[in-house]
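**Q** Input: one structure, supplied below.
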Amino acid sequence: MVEKIVILRNKLKAKKPVFKRHDAHKKARIDDNWRRPKGRQNKMRLHRKGYAKARSTGYGSPREAYGLSRSGLIQNRVTHVKDFASLDAKKDGVIIARTVGNRRRLVLLEYIEKHNFTLLHADVAKVKDAITTKLASKSSKKKAVETKRKKKAELAKKAKEEQKKAQEKAKESASQKETKVSTQKASSKDASSQEKVAEASLSEKEKKEKETKEHEKVLIKQEK
């Protein structure tokens, strides 16, 4: 019975005209979508011969065929595997909701293939191939991003290590300089103290001789 009704509906639909808005084929500013003509002298509203057909109840499909697909299956919107529990593969057709993501869509397609359900709005194999290619490209992009991040992290680590090494070298050189300066100061202090001790140990005669020698040197410089 249902098959006969579906065949009848398909025949009626084949003869049904495309309902367009009045003068949509003449004027570019008017869209093709249907709007009921409201003009008093509008020929489409008056159903005059030679004018486009207007929508009416006579063009409708049989009441028993409402909600059925072209093959006579009941159309069911599916978002999860749980939705298949109340469906029969022989009577019910499946439409996957557009809000479902690619990973869950793949799971649903595999379930449809396994339990012999019919997908009404697309070809299962084509959709599967498209999703697998998308997921593969996504994973490759993710891997590329991760490798870039790892390289950046390694470069940052190397730069930090180099900075630390440079700071340690600078500290070592500064400490060496400080030790050199301290040793020089100590040596100069030791020399001055030795000179003072030597001067103190000199006798009065030696002091006088030293003073005379220095005086002679000064006189020679003045004569020159």
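The values are calculated or read from the model by the stated rules, or taken from the named source; none is laboratory data. If you're wondering where the values come from, they're calculated on a predicted model, not measured in any experiment. Counting neighbours? That spans all protein chains shown, and the Cβs are built from the backbone with ideal geometry, glycine included.
**Q** Go through (1) touching a Leu at 6+ places or on another chain (Cβ under 8 Å); (2) surrounded by 16 or more Cβ atoms within 10 Å (Cβ to Cβ) for Ile95 and report which single condition fails.
**A** The single condition Ile95 does not satisfy is (2).
**Q** Only one of these is modelled with pLDDT under 95 and either within 30 Å of Leu109 (Cβ to Cβ) or surrounded by 14 or more Cβ atoms within 10 Å (Cβ to Cβ) (or both): Gly50, Gly60, Gly67. Name it.
**A** Sole residue among the options that is modelled with pLDDT under 95 and either within 30 Å of Leu109 (Cβ to Cβ) or surrounded by 14 or more Cβ atoms within 10 Å (Cβ to Cβ) (or both): Gly67.
**Q** From Lys90, Lys49, Lys38, grab the single residue that is farther than 26 Å from Lys13 by Cβ, out of contact with any Cys (no Cβ under 9 Å at 6 or more places or on another chain) and not in a helix (DSSP H, G or I).
**A** It is Lys38.
**Q** Let me confirm something: among Arg149, Arg105, which residue is in a helix (DSSP H, G or I) and surrounded by 13 or more Cβ atoms within 10 Å (Cβ to Cβ)?
**A** It is Arg105.
**Q** Could you check segment 124-146 and list, in sequence order, the residues that are closer than 14 Å to Arg105 by Cβ and either loosely packed, with under 10 Cβ neighbours inside 10 Å or hydrophobic (A, V, I, L, M, F, W, C) (or both)?
**A** Scanning segment 124-146 gives Val124, Ala125, Lys126, Val127, Ala130, Ile131, Leu135.
**Q** Then there is this: Scan segment 3-33 for residues that are β-branched (Val, Ile, Thr) and in contact with an Asp or Glu (Cβ under 7 Å, 6 or more places away or on another chain) and jot them down.
**A** Ile5, Ile30
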